[in-house]
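Please treat every number below as a calculation from the coordinates, not as lab data. Owing to the predicted nature of the structure, the values given are computational and were not obtained by experimental measurement. Here the Cβ positions follow ideal geometry from the backbone for every residue, glycine too, while neighbour counts run over all protein chains shown.
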Amino acid sequence: MIKIIKSVKEMANFANRIKGRGHTIALVPTMGALHEGHLSLVEAAHNKANIVVVSIYVNPTQFAPNEDFNKYPRTLLKDKTALRHFEHITIFAPSDKELYPDTFDTWVEEGTISKKLCGKFRFGHFKGVTTILSKLFNVVRPDFAFFGEKDYQQQLIVKKLVKDLNYPIDVIICPTIREYDGLAMSSRNKYLSPKERKAAAVLYKTLIRAKKDLEGGETDYRRIIVGLSRLIGFEPLIRIDYITIVNPDTLIEIKEIKKEKVLVALAARVGKTRLIDSMIVQPK
Ligand code: PAF
């Protein structure tokens, strides 16, 4: 039987009891609408700790006013069913009222990496993410926290948050899980119409093309990006927010490709749905 805890107090008491017995807790923070990508995190968490807490909370503070907060899928019972094969799972599904009472006004903000890539398009997004994660870390007190590499910028920011605020948490990053045609799994894929879903496959094809260019010895940033933008440009349903090659630690653009690993990162709108993807590449 999977336990669902809705109250912050109950979650904190549960965590205290678990830790008092000398057991470890792994936290898998999610916004629900669980897919194979989330389940791979739960599986990894399950192998690492005695108890896995999957938090399911669509965090309002990480959505800008023009974004999809209202239509974001909320499927708690389905999510519970998706987790039924795992043992020692607890779902933490708190309410907005408890996490953000009217008087709430204390924020946690990372100041450097958050300003790059998606930070330029999603105003306040990462401040919302670091704030809710700080709250979840304080209540659940996990020994381990699991995140997907798919949200590459997010996982860098989480590592920085944990380091800067001295959380005694081991942050573990798991590989991106992809659909049959390479599209990175995301709860937002549910928004895509059949035509958009088909078109979205070009995002992964673009990353593969970048990998080929870089491994083939191309060192000119502009030439690579022009080629990739053209490839995406063939899909009339897609508009690019950004496509870039950056340092995987700092997210600073690399104009002249050398021998060090790079991150190829992109964000695009497929119809009204904003999707992101990225790939680490070792240039030859
Ligand atoms: O990646 C997500 O689903 C969210 O940003 C997270 C980490 C659960 C915070 O709300």
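Using 0.36 nm per residue of separation minus the Cα-Cα distance, give me the extension gain between Leu77 and Phe123 in nm, one decimal.
Between Leu77 and Phe123, full extension yields an extra 13.4 nm.
Spelling out what I want: for every residue of segment 94-100, take phi, set θ = phi - 60°, compute 6.51 cos²θ - 1.76 cosθ + 1.60 (Karplus), and round to whole Hz; glycine and proline get x.
Working through the residues one at a time gives x, 9, 4, 4, 6, 7, 10 Hz.
Calculate the FRET efficiency for Lys9 and Arg230 from the Cβ-Cβ distance with a Förster distance of 45 Å, rounded to the nearest 0.05.
E between Lys9 and Arg230, to the nearest 0.05, is 0.20.
Which angle between 0 and 90 degrees, to the nearest 10, do you get for helix 152-164 versus the longest principal axis of the chain when only C-alpha atoms count?
The two axes meet at around 50 degrees.
State the antiparallel share, in %, of DSSP beta bridges confined to the chain, rounding to the nearest 5.
Taking every DSSP beta bridge with both residues in the chain, the antiparallel ones total about 50 percent.
Is there a pair in Lys163/Lys255; Lys116/Lys284; Lys150/Lys272; Lys127/Lys160; Lys97/Lys160; Lys127/Lys150 whose C-alpha atoms are over 24 Å apart, and which pairs would that be?
Lys163/Lys255; Lys116/Lys284; Lys97/Lys160
Could you estimate the translational diffusion coefficient of segment 159-282 from the Stokes-Einstein equation, with Rh from the Kirkwood formula over C-alpha pairs, at 10 °C and 1.306 mPa s, in whole µm²/s?
101 µm²/s
For the chain, find the longest principal axis of its Cα atoms and tell me its angle to the long axis of helix 221-233, 0 to 90°, nearest 10.
For helix 221-233, the angle is close to 80 degrees.
What's the exposure ranking of Tyr242, Tyr204, going from fewest to most Cβ atoms within 10 Å?
Numbers: Tyr242 16, Tyr204 19.
Ranking Tyr242, Tyr204 by Cβ neighbours within 10 Å, fewest first, gives Tyr242, Tyr204.
Give me the percent of Cα-Cα pairs in the chain that sit more than 29 Å apart, rounded to a whole number.
Values: 14174 of 40186 pairs.
Tail fraction, whole percent: 35.
State which entries of Lys135/Lys258; Lys195/Lys261; Lys115/Lys211; Lys190/Lys211; Lys135/Lys211 exceed 30 angstrom in Cα-Cα distance in the structure shown.
Too far apart for the 30 Å limit: Lys135/Lys258; Lys195/Lys261; Lys135/Lys211.
Using only the alpha carbons of segment 15-55, what is the convex hull's orientation-averaged projected area in square nanometres?
Working: hull surface 11.1 nm².
If you wrap the Cα atoms of segment 15-55 in a convex hull and average its projections, you get 2.8 nm².
Using a 7 Å offset from the Cα along the Cα-to-Cβ direction at both Glu218 and Met1, what is the distance between the two label points in nm, to one decimal?
Taking the two extended label points, one gets 5.8 nm.
Please identify which residues in segment 117-149 have an amide N closer than 18 Å to a label point set 7 Å out from the Cα of Glu98, following the Cα→Cβ vector.
From segment 117-149, the list is 132-142.
Please arrange Ile243, Ile157 by counting, for each residue, the other beta carbons lying within 10 Å of its beta carbon, fewest first.
Ile243, Ile157
Based on other C-beta atoms within 10 Å, arrange Val53, Val226, Val162 from fewest to most.
Fewest to most other Cβ atoms nearby, the residues stand as Val226, Val162, Val53.
If you consider only alpha-carbon coordinates, what radius of gyration and Dmax does segment 130-215 have, in Å?
Both quantities, over Cα of segment 130-215: 16.5, 46 Å.
For Glu260 and Thr106 in one chain, what is 0.36 nm times their gap in residues minus the Cα-Cα distance, to one decimal in nm?
Additional length available on full extension: 51.5 nm.
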